[in-house]
Structure formats: C-alpha cells, structure tokens
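Chemist: First the structure, which I've put down as structure tokens, then a few questions once you've had a look.
The values are calculated or read from the model by the stated rules, or taken from the named source; none is laboratory data. Note that the coordinates shown come from a computational prediction; the quantities given were computed from them, not determined experimentally. Cβ: placed from backbone, ideal geometry, glycine included. Neighbour counts: every protein chain shown. Accessible surface is based on the protein model in full, side chains and every heavy atom, while ligands, DNA and RNA are left aside. Shrake-Rupley method; radii C 1.70, N 1.55, O 1.52, S 1.80 Å.
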Amino acid sequence: MKKLILILTLNLLGVLLFFSWFHADANSFWPVVDKNVFFTFNHMLGENEAFRYLVAFTNLRFFDVFGFLAMFMVFLFHFVKMDKTHRRWMICMGVTMLLTAVIAKQFNMTFDFDRPSPTLHFTALGENVLYVSKLTDWPAKDWSKSCFPGDHGMCLIIFCVYMLRYFGVKSFLIGLVITVLFSMPRVMSGAHWVSDIAVGAVTVNLIVLSWMLLTPASDFIISMLMKLLRWNNPESQK
C-alpha cells in the first residue's frame with residue numbers, strides 16, 4: 001500500500017510538473033528560465049571561441065557515442081565483479097532497461113508537441129540568434145523542429161534511476177553526473193530548451209519509472225528473460 005501511494009504521488013508530481021509548464025504564460029517561471037538560459041549560452045558562443053568549439057564538438061552526432069560509453073563503463077564496473085549467474089542477470093537487466101526506454105519513448109510520443117528549439121523560435125521572432133554550426137562550419141546539432149520532451153535526457157535519466165534501483169546511491173550519483181554532462185550540450189547549442197529535459201523528460205520518467213521500478217514489473221521482466229534464455233535466476237538461489 002505504501003508503494004502504491006508513493007507511485008501515485010510520483011505520478012501526480014509528474015502531472016503537476018507538466019502543467020506548471022503547459023499552462024505557463026510568457027512571464028512565468030519556465031519561459032523565463034528557458035529564455036535566460038538560452039541567451040546566456042548563445043551570447044557565450046559569440047564571445048568565447050573555446051566555448052564555441054566545445055559546444056560544437058559535443059553536439060556532433062558521433063559525440064553521443066561517448067555518452068553510451070560512459071553508461072557502459074558504469075555497467076561494466078559492476079558486471080566484471082559478478083559471477084556467471086549474476087552476469088547473465090545483468091544482461092537481462094540491461095535489456096529491461098532498454099525496454100523501459102522504448103516504453104518511455106512511446107509514452108512521450110503521446111505529448112505530440114511540435115515545439116521548435118529555442119534557436120528556431122527566437123529566429124522566427126526576429127532575434128539575432130547565433131548558430132554554432134554556422135560559427136564553426138561544423139555539422140553540430142543546434143536546432144530542432146520538435147524538441148519536447150528531450151529524448152537524450154529521458155534515456156540518461158532512465159539509466160540513472162536503474163543504477164539507483166539495482167546498484168545503490170554511488171552508482172546513481174555517477175549516473176547523475178553522466179546525465180548532466182550529456183544533456184547540457186543540446187541546451188548550450190540551443191537545440192533544446194531546459195524545460196525539454198527538466199519538465200518533459202522528468203515528467204515521462206516520474207510516471208514510467210515509478211511503475212517499472214516500484215512495482216515487481218522490472219524484476220518480472222528480468223525473470224522472464226532469464227527463463228526464456230534458460231539461465232538460472234540468482235534470486236531463486238537465495
């Protein structure tokens with residue numbers, strides 16, 4: 001009963017968070033934060049060459065691989081310490097985590113928002129907007145026709161919370177650092193608003209992850225995968 005109350009509370013927080021953004025006027029919290037963050041970074045692109053090329057580099061398509069590698073290294077850290085049975089369990093846990101990301105992706109598609117990135121939004125308003133791809137002549141991602149909610153942030157948060165659920169606070173904190181480091185480049189380039197992540201990605205995960213990780217759902221999926229592959233479940237050996 002306590003877990004159900006917690007799940008419903010997290011779901012309600014997600015809904016309230018979403019509506020705090022959805023019904024916001026131009027002078028309320030989220031629009032002001034979004035605008036201030038965008039123009040702070042956008043001005044820095046014009047003033048600081050080192051920052052400009054850092055943002056360009058971290059928004060190249062192949063840079064996403066580094067985010068995956070960072071998550072993989074955390075996963076591998078735990079994997080190598082396991083025996084054969086627990087390593088198989090970890091593989092199934094990883095598949096379950098990917099399945100959760102697929103579910104979250106389907107869930108966030110129900111938002112169906114065509115929200116342009118801040119670069120496109122403020123360009124359309126006639127503002128003088130700097131595009132890092134034009135400043136550097138690098139094919140960096142600095143715009144999007146539909147950026148809400150933030151897919152990168154959503155997947156990184158899923159990894160982060162799975163680490164908390166199965167490996168504890170230290171792994172969660174490492175995952176949190178990875179989440180921030182690999183979510184911010186899109187915000188700094190103007191391809192995403194802060195609220196795409198802080199509202200969109202967080203809202204989806206408050207709902208999806210609460211049902212996956214605070215109920216037996218994730219453990220059940222892992223167990224089913226173990227049975228399907230005819231692997232011994234370490235939980236059954238206790």
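Chemist: Within the range 14-38, track down each residue that is among the acidic types (Asp, Glu) and either touching a residue at least 12 places away in the same chain (Cβ under 8 Å) or in contact with a Lys or Arg (Cβ under 8 Å, 6 or more places away or on another chain) (or both).
Modeler: Asp34
Chemist: What's the number of the condition Leu156 fails, among (1) within 16 Å of Thr58 (Cβ to Cβ); (2) open to solvent by 20 Å² or more (accessible area, probe 1.4 Å); (3) under 11 Å from the mean Cα position of the chain (by Cα)?
Modeler: Every condition holds for Leu156 apart from (2).
Chemist: Follow-up question, since we're still on this one. Is there a residue being open to solvent by less than 10 Å² (accessible area, probe 1.4 Å), in a helix (DSSP H, G or I), in contact (Cβ under 8 Å) with a residue 12 or more places away in the chain and not β-branched (Val, Ile, Thr) anywhere in the range 128-149?
Modeler: no
Chemist: Let me ask you something else. Are any of the residues in the range 58-69 open to solvent by less than 40 Å² (accessible area, probe 1.4 Å), at pLDDT 95 or above and hydroxyl-bearing (Ser, Thr, Tyr)?
Modeler: Yes, because at least one residue in the range 58-69 is open to solvent by less than 40 Å² (accessible area, probe 1.4 Å), at pLDDT 95 or above and hydroxyl-bearing (Ser, Thr, Tyr).
Chemist: Determine whether the range 191-199 contains at least one residue that is over 30 Å from Ser133 (Cβ atoms) and touching a helix residue (DSSP H, G or I) at 6+ places or on another chain (Cβ under 7 Å).
Modeler: No, the range 191-199 has no match at all.
Chemist: Ok, one more. Regarding the range 98-119, can at least one residue be identified that is modelled with pLDDT of 95 or more, in a loop (DSSP other than H, G, I, E, B) and open to solvent by less than 40 Å² (accessible area, probe 1.4 Å)?
Modeler: yes
Chemist: Go through the range 70-84 and give me each residue that's open to solvent by 30 Å² or more (accessible area, probe 1.4 Å) and either touching a residue at least 24 places away in the same chain (Cβ under 8 Å) or assigned to a helix (DSSP H, G or I) (or both).
Modeler: Once the filter is applied, which keeps residues that are open to solvent by 30 Å² or more (accessible area, probe 1.4 Å) and either touching a residue at least 24 places away in the same chain (Cβ under 8 Å) or assigned to a helix (DSSP H, G or I) (or both), the range 70-84 yields Met71, Phe72, Met73, Phe75, Leu76, Phe77, Phe79, Lys84.
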